[in-house]
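For reference, the structure I am asking about is given below.
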Amino acid sequence: MPHKAGFVNIIGSPNVGKSTLMNLLVGERLSIITSKAQTTRHRIMGIVNTDDYQIVYSDTPGLVNSAYALHDSMMTFVSTALQDADILLLVVEIGQEGLNHLATLEKIVASDVPIIIALNKIDNSDEEKVVEQVDHWKKLIPRAEIFAISALHKFNVESLFDRLVELLPESPPFFDKEEMTDKPLRFFMSEIIREKIFIHYKKEIPYSSEVEIESFIDKPDIVHIHANIMVERPSQKGILIGHKGLGLKRVGTEARKDMEVFLDKKVFLKLFVKVDKDWRSKASRLKHYGYKN
Ligand SMILES: Nc1nc2c(ncn2[C@@H]2O[C@H](COP(=O)(O)OP(=O)(O)OP(=O)(O)O)[C@@H](O)[C@H]2O)c(=O)[nH]1
Ligand SMILES: [Mg+2]
């Protein structure tokens, strides 16, 4: 059998479950997941390898109409993913009537690669509603194949996966067969910290925060990680650290535990909070944090 390989690019509106589905398809907790919109800010590849095929999934940021330079960068990741897909995997959630970004819907309709729609969160629904939603999306994007799934409850994802493998083009692998992602370990460490900030803080704090790994030192029995949480304003620094430092401590403890699972090793985590004024609006800072080339 000839070898198959391709890019399966996952796109959709914020918070519909793109990262949950990506992790399930890859079988690893690569992408962070929270109940807040705009959790994912980068294009993150998750690679599945067998002797016969290589699937390169890309999780992408939720579609966003730009308010900050950061959003432009996030949408650039989405545009690239729209361009280089071998298969587009559009994730929508039950009850959703369209995309919050019309230009993207137009691009999807106009594209000539296979499109799979994962109608997600059907655990929140009933059969009648699911049928109605499948019809609705069929009208919006007639050539799409639709799978009604629950990524959270791992329902019907197997049949979606089987179809993806069928649709993969013949091709040699794009990445070394040992690789599981395109991102370095440090990236996942910073994402784990960001996840805890998204979970525990309200309003602007998650969106104003960025995490920078200052050092990652792998010793025989333990990994020493020094990370800085960057916020946009001094007042946010106080909120993040919290009364008697308890806020920051909680982020640190929870992040360290997840890092230990990810790395399968003990972790010593040192966290600092610093101000990087208006970093979300500055091209040079976005470049520094890896959002721009
Ligand atoms: N009920 C239900 N919730 C789900 C399902 N899949 C994901 N969720 C929840 O939806 C929320 C968002 O999930 P994510 O995977 O982070 O969504 P996303 O599309 O990656 O979001 P952004 O990165 O912010 O664009 C989380 O609270 C998930 O637990 C599902 O099948 N059913
Ligand atoms: Mg996400």
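The values are calculated or read from the model by the stated rules, or taken from the named source; none is laboratory data. Source: prediction; values computed, not measured. FYI the Cβ positions are ideal-geometry reconstructions off the backbone, even for glycines, and counts take in every protein chain you see. For the accessible areas, the whole protein counts, side chains as well, though only heavy atoms, and no ligand, DNA or RNA atoms are used. Shrake-Rupley method; radii C 1.70, N 1.55, O 1.52, S 1.80 Å.
Return the residue satisfying two criteria in turn: it lies in the range 62-97 and is touching a Pro at 6+ places or on another chain (Cβ under 8 Å) and touching a residue at least 40 places away in the same chain (Cβ under 8 Å), and of such residues it is farthest from Met22 (Cα to Cα).
Residues of the range 62-97 that are touching a Pro at 6+ places or on another chain (Cβ under 8 Å), as a first pass: 62-64, 74-75, 77-78, 86-88.
Cutting the leftovers down to touching a residue at least 40 places away in the same chain (Cβ under 8 Å) gives us 62-64, 74, 78, 86-88.
Details: Gly62: 13, Leu63: 16, Val64: 19, Met74: 18, Val78: 15, Asp86: 16, Ile87: 14, Leu88: 13 Å.
Among those residues, the one meeting the criterion is Val64.
Same structure again: So which residues in the range 139-170 are within 16 Å of ligand 1 (Cβ to nearest atom), out of contact with any helix residue (DSSP H, G or I) (no Cβ under 9 Å at 6 or more places or on another chain) and not acidic (Asp, Glu)? Break it down stepwise before answering.
At the first step, the residues of the range 139-170 found to be within 16 Å of ligand 1 (Cβ to nearest atom) are 146-161.
Filter once more, so that each one left must be out of contact with any helix residue (DSSP H, G or I) (no Cβ under 9 Å at 6 or more places or on another chain): 158-159.
Passing the criteria: only Ser159.
Scanning the range 34-73 for residues that are under 12 Å from the mean Cα position of the chain (by Cα) and under 18 Å from Val157 (Cα atoms), which turns out nearest to ligand 2 (Cβ to nearest atom)?
This residue is Asp59.
Just checking, how many residues over the range 246-281 are polar (S, T, N, Q) and within 27 Å of Lys292 (Cα to Cα)?
Step one: of the range 246-281, the residues polar (S, T, N, Q) are 253, 281.
With the extra rule that they be within 27 Å of Lys292 (Cα to Cα), the set shrinks to 281.
Qualifying residue count for the region: 1.
I want to confirm something. Restricting to the range 1-24 and keeping residues that are within 20 Å of Asp182 (Cβ to Cβ) and touching a Gly at 6+ places or on another chain (Cβ under 7 Å), which single residue is nearest to ligand 2 (Cβ to nearest atom)?
So the residue we want is Lys18.
Specify which of the listed residues (Asp84, Asp51) is surrounded by fewer than 19 Cβ atoms within 10 Å (Cβ to Cβ), modelled with pLDDT of 95 or more, closer than 23 Å to Ala144 by Cα and more than 11 Å from ligand 1 (Cβ to nearest atom).
So the residue among Asp84, Asp51 that is surrounded by fewer than 19 Cβ atoms within 10 Å (Cβ to Cβ), modelled with pLDDT of 95 or more, closer than 23 Å to Ala144 by Cα and more than 11 Å from ligand 1 (Cβ to nearest atom) is Asp84.
Something else: Would you confirm, using the coordinates I've provided, whether Ser190 is small (Gly, Ala, Ser), outside any strand (DSSP E or B) and buried (at least 18 other Cβ atoms within 10 Å of the Cβ)? Reasoning before the result, please.
Numbers: small (Gly, Ala, Ser): yes; outside any strand (DSSP E or B): yes; buried (at least 18 other Cβ atoms within 10 Å of the Cβ): yes.
Spelling it out, Ser190 is indeed small (Gly, Ala, Ser), outside any strand (DSSP E or B) and buried (at least 18 other Cβ atoms within 10 Å of the Cβ).
Failed condition for Phe161, given (1) in contact with a strand residue (DSSP E or B) (Cβ under 8 Å, 6 or more places away or on another chain); (2) open to solvent by 40 Å² or more (accessible area, probe 1.4 Å), with all others met?
(1)
Provide a single number: the residues in the range 145-165 that are of a type in the set (S, T, N, Q) and over 19 Å from the mean Cα position of the chain (by Cα).
Final tally of qualifying residues: 2.
Okay, moving on. Being in contact with a strand residue (DSSP E or B) (Cβ under 9 Å, 6 or more places away or on another chain) and either part of a helix (DSSP H, G or I) or free of Cβ contacts under 8 Å to residues at least 24 places away in the same chain (or both) narrows it down to one residue among Lys177, Lys138; which is it? Break it down into steps so the answer makes sense when it comes.
Working: Lys177 fails: either part of a helix (DSSP H, G or I) or free of Cβ contacts under 8 Å to residues at least 24 places away in the same chain (or both).
It is Lys138.
Another question, then. Only residues in the range 122-133 that are under 11 Å from Ile149 (Cα atoms) count as the first member; pair them with residues that are open to solvent by 80 Å² or more (accessible area, probe 1.4 Å) and more than 16 Å from ligand 2 (Cβ to nearest atom), Cβ under 8 angstrom, at least 6 apart or cross-chain, and list the lot.
If the second residue must be open to solvent by 80 Å² or more (accessible area, probe 1.4 Å) and more than 16 Å from ligand 2 (Cβ to nearest atom), the pairs left are Ile122/Phe155; Asp123/His153; Asp123/Phe155.
When the range 198-229 is examined, which residues are found to be touching a strand residue (DSSP E or B) at 6+ places or on another chain (Cβ under 7 Å) and buried (at least 20 other Cβ atoms within 10 Å of the Cβ)?
Step one: filter the range 198-229 for residues touching a strand residue (DSSP E or B) at 6+ places or on another chain (Cβ under 7 Å), giving 208-217, 221-229.
The answer is Ser208, Ser209, Glu210, Val211, Ile225, Ala227, Ile229.
Could I ask something else about it? Exactly one of (1) of a type outside the set (Lys, Arg); (2) open to solvent by less than 20 Å² (accessible area, probe 1.4 Å); (3) in contact with a Gly (Cβ under 7 Å, 6 or more places away or on another chain); (4) within 16 Å of ligand 1 (Cβ to nearest atom) is unmet by Ser58. Its number?
Answer for Ser58: the failing condition is (3).
Could I ask something else about it? If I filter the range 30-48 down to residues being away from ligand 1 (no atom under 11 Å from the Cβ) and of a type in the set (Val, Ile, Thr), which single residue comes out as surrounded by the most Cβ atoms within 10 Å (Cβ to Cβ)?
From the range 30-48, those away from ligand 1 (no atom under 11 Å from the Cβ) are 30, 43, 45-48; that's our starting set.
Retained after the next criterion (residues that are of a type in the set (Val, Ile, Thr)): 47-48.
On the way: Ile47: 23, Val48: 18.
The qualifying residue surrounded by the most Cβ atoms within 10 Å (Cβ to Cβ) is Ile47.
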